[in-house]
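Shown next, in structure tokens, is the structure this report addresses.
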Amino acid sequence: MISLADRKMAAHLSYGRVNLNILREAARKELREFLDKCAGSKAIVWDEYLTGPFGLIAQYSLLKEHEVEKMFTLKGGRLPAADVKNIIFFVRPRLELMDIIAENVISEDKLRSPRDFHILFVPRHSLLCEQRLKEQGVLGSFINIDEYILDLIPYDGDLLSMESESAFRECYLESDQTSLYHTAKGLMTLQALYGTIPQIFGKGECARHVANMMLRMKREFAGSQTQILPVFDTLLLLDRNVDLLTPLATQLTYEGLIDEIYGITNGYVKLPPEKFAQKKQGEGGKDLPNEPKKLQLNSAEELYAEIRDKNFNAVGAALSKKAKIISAAFEERHNAKTVGEIKQFVSQLPHMQAARSSLANHTSIAELIKDITTSEAFFDNLTVEQEFMTGVDTDKVNTYIEDSIAQKDPLIKILRLVCMQSVCNNGLKQKVLDHYKREILQTYGYEHILTLSNLEKTGLLKPQTGTRNSYPTIRKTLKLWMEDANEQNPNDISYVYSGYAPLSVRLTQLLARPGWRSIEEVLKMLPGPHFEERQQLPAGLHKKRQQGENRTTLVFFLGGVTYAEIAALRFLSQMEDGGTEYIIATTKLINGTSWVKSLMDRLETLPF
């Protein structure tokens, strides 16, 4: 049974070109089947990182229907008291979590009547973890040890994410390809539900690995192919390191800026409460809330769907236009004379009130963002970014970066700028690189030496080798910088960064038309191989395209994607003569800060 609230919660997933609710329903079905394996009352002990992604698949109501009575966060020591028959641990396969589980089970065994313990590994079962539980002497306490394959989670009607927080780090720093295996498995699940994807294109080492693994899995399951008419025409696999520049730049779309400033986690944002306080008449501002305001952000909210992908400079006008429409709708009540008219007005009231509250929220958010974007600090930072992107003075020490270090600005800001300069210059002269490193270590502490080393290993910050700087050629050939980008009525994807067209999205655009053969030379300058593969479709499943019908392409970003890139792809989907609609998938939704943070390590100071 699907509750009404739940149906409403997922409705926006089925509005797009591809009904992503099918994927969500398949994930829910598997969850219900596992819960039913553990007969009787249950308590779930959650690995905290999983609660957000799971919230997008199943509400508490679904768990309750299957006798889940209590939920706890996984932490050391004793479990909280719960009068239940089953205790289920929902965890990622991490060794450190196994130690905590062992501690929980041992303290439980000493204390109470025997309970049934179960483990659900997400997204994959791990023999190493089982081994650790065995060493701790608790493996025998578990009745069920299972895996719940939660690879691709639908975040919106055109967006899927694996929310694998360290995929980029694992692939490019630790040479660990586990997340690539999960990606290939996720793509197999997707094809089981939506049909075989006939055409595959890719760029980058990781893309090549994923394609190879997926094609191998396809051969292994050759007999069990589903007879489904393909929903996707093309799959494009893109390595994040093909375009290291885009995530470092400050996103300038409404959704991108919310993420840059406040961080969007699993579709929710937490905002400072003071802008959202409801002042009662005559009370003044005496009781300001101190809890952050938590808002859900997705296309289920009409206004958000309309403004999320606009350049922030176009958001004010859109909000005031909406305000006029809403107040005109409320004015209609004075014209309602007959019973029928009054009845009709009353029936529209809930929708109008929701629209009014949505407008109030987004006006407040826009004010919060505007306070930042109109500041001198924001403008200065953006100016330097745009100078780097256009190739101005990228080969010498930048005075703005030096001043920012001297003022001890946040280290993450410094790292983003230095990496950006390095990427736009195809590496820094050794002298310049050493100068920056010395300044950073002397100001922020020598424990950051590991971070700098990580940034070098991933190619974000590197010394210049003898080769010529290829970035200007790439920039000109792919038209990555567009002067006078139209922010209000955009005619090109460069509006998402007020002039810079994301390289990743430009490659996607050119693949659709006129094809990558036209940019063969540039593709060779970018890291990793580029390739094309075909997957045989079972007889009778070749799609007959109607006149004027758009193609559907799934773009998979390996290593993360930003909201500005998503906005640029949505812009391409909506172009009148575009001919292609895009669905976006990624290992993780990222911004420059979260991305660089995932590569940071502190050297623990040794007690001498």
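The values are calculated or read from the model by the stated rules, or taken from the named source; none is laboratory data. What you see is a predicted model; the values in this text were computed from it and never measured. So basically every Cβ, Gly included, is an ideal-geometry build from the backbone, and we count neighbours across all protein chains shown. Surface areas here come from the heavy atoms of the whole protein model, side chains and all, with no ligands, DNA or RNA. Shrake-Rupley method; radii C 1.70, N 1.55, O 1.52, S 1.80 Å.
Tabulated results
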item	result
Some residue of region 182-194 being β-branched (Val, Ile, Thr) and more than 26 Å from LEU56 (Cβ to Cβ)	no
Condition met for LEU349 (surrounded by 12 or more Cβ atoms within 10 Å (Cβ to Cβ) and touching a residue at least 12 places away in the same chain (Cβ under 8 Å))	no
Residues (touching a residue at least 24 places away in the same chain (Cβ under 8 Å) and open to solvent by 60 Å² or more (accessible area, probe 1.4 Å)) located in region 413-439	LYS429, GLN430
Scope region 491-524; condition among the polar types (S, T, N, Q) and more than 23 Å from the chain's Cα centre (by Cα); matching residues	ASN491, SER518
Pairs, first under 27 Å from CYS171 (Cβ atoms) and of a type in the set (Phe, Trp, Tyr) in region 573-589, second at pLDDT 95 or above and assigned to a loop (DSSP other than H, G, I, E, B), C-beta under 8 Å, six or more apart	TYR582/ASP158
Which listed residue, of GLU147, GLU165, is under 29 Å from ILE583 (Cβ atoms), touching a strand residue (DSSP E or B) at 6+ places or on another chain (Cβ under 6 Å) and open to solvent by 50 Å² or more (accessible area, probe 1.4 Å)	GLU147
Qualifying residue in region 570-592 (condition: touching a Lys or Arg at 6+ places or on another chain (Cβ under 7 Å), among the small types (Gly, Ala, Ser) and at pLDDT below 95)	yes
Filter result for the condition that a residue is closer than 20 Å to GLY157 by Cα, aromatic (Phe, Trp, Tyr) and open to solvent by less than 70 Å² (accessible area, probe 1.4 Å), over PHE34, PHE54	PHE54
Helices (runs of 4 or more DSSP H) within region 440-534 that include 1 or more residues within 30 Å of THR196 (Cα to Cα) and either open to solvent by less than 10 Å² (accessible area, probe 1.4 Å) or without any contact (Cβ under 8 Å) to a residue 24 or more places away in the chain (or both)	503-512, 520-525
Residues of region 562-608 classified as farther than 30 Å from ILE449 by Cβ and assigned to a strand (DSSP E or B), total	7
Residue that is at pLDDT 95 or above and out of contact with any Asp or Glu (no Cβ under 7 Å at 6 or more places or on another chain), where the choices are LEU97, LEU111, LEU133	LEU133
Tally, over region 357-369, of residues that are free of Cβ contacts under 8 Å to residues at least 60 places away in the same chain and either over 14 Å from LYS322 (Cα atoms) or buried (at least 16 other Cβ atoms within 10 Å of the Cβ) (or both)	4
Residue match in region 553-565 (condition: in contact (Cβ under 8 Å) with a residue 60 or more places away in the chain, polar (S, T, N, Q), out of contact with any Leu (no Cβ under 6 Å at 6 or more places or on another chain) and open to solvent by 20 Å² or more (accessible area, probe 1.4 Å))	no
Among residues of region 387-412, those that are open to solvent by 50 Å² or more (accessible area, probe 1.4 Å) and within 29 Å of the chain's Cα centre (by Cα), counted	2
Residue that is nearest to the chain's Cα centre (by Cα), among those in region 184-220 that are closer than 17 Å to LEU152 by Cα and in a loop (DSSP other than H, G, I, E, B)	ILE197
Unique residue being of a type in the set (Val, Ile, Thr) and surrounded by 21 or more Cβ atoms within 10 Å (Cβ to Cβ) when the list is ILE228, ILE200	ILE200
Residues that are touching a residue at least 60 places away in the same chain (Cβ under 8 Å) and open to solvent by less than 10 Å² (accessible area, probe 1.4 Å), drawn from region 79-137	HIS118, LEU120, VAL122
Residue satisfying condition, being free of Cβ contacts under 8 Å to residues at least 40 places away in the same chain, assigned to a helix (DSSP H, G or I) and closer than 20 Å to TYR262 by Cα, within set ALA377, ALA318	ALA377
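Every residue, every condition in (1) more than 15 Å from LEU257 (Cα to Cα); (2) within 24 Å of the chain's Cα centre (by Cα); (3) open to solvent by less than 70 Å² (accessible area, probe 1.4 Å), yes or no:
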{"residue": "PRO292", "(1), (2), (3)": "yes, yes, yes"}
{"residue": "SER299", "(1), (2), (3)": "yes, yes, yes"}
{"residue": "LYS310", "(1), (2), (3)": "no, yes, yes"}
{"residue": "ALA328", "(1), (2), (3)": "yes, no, yes"}
{"residue": "ASN335", "(1), (2), (3)": "yes, no, no"}
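Yes or no, residue by residue, for (1) hydrophobic (A, V, I, L, M, F, W, C); (2) in contact with a helix residue (DSSP H, G or I) (Cβ under 6 Å, 6 or more places away or on another chain); (3) modelled with pLDDT under 95:
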site	(1), (2), (3)
LEU248	yes, yes, no
PHE276	yes, yes, yes
GLU283	no, no, yes
LYS294	no, no, yes
GLU302	no, no, yes
ARG308	no, yes, no
PHE312	yes, yes, no
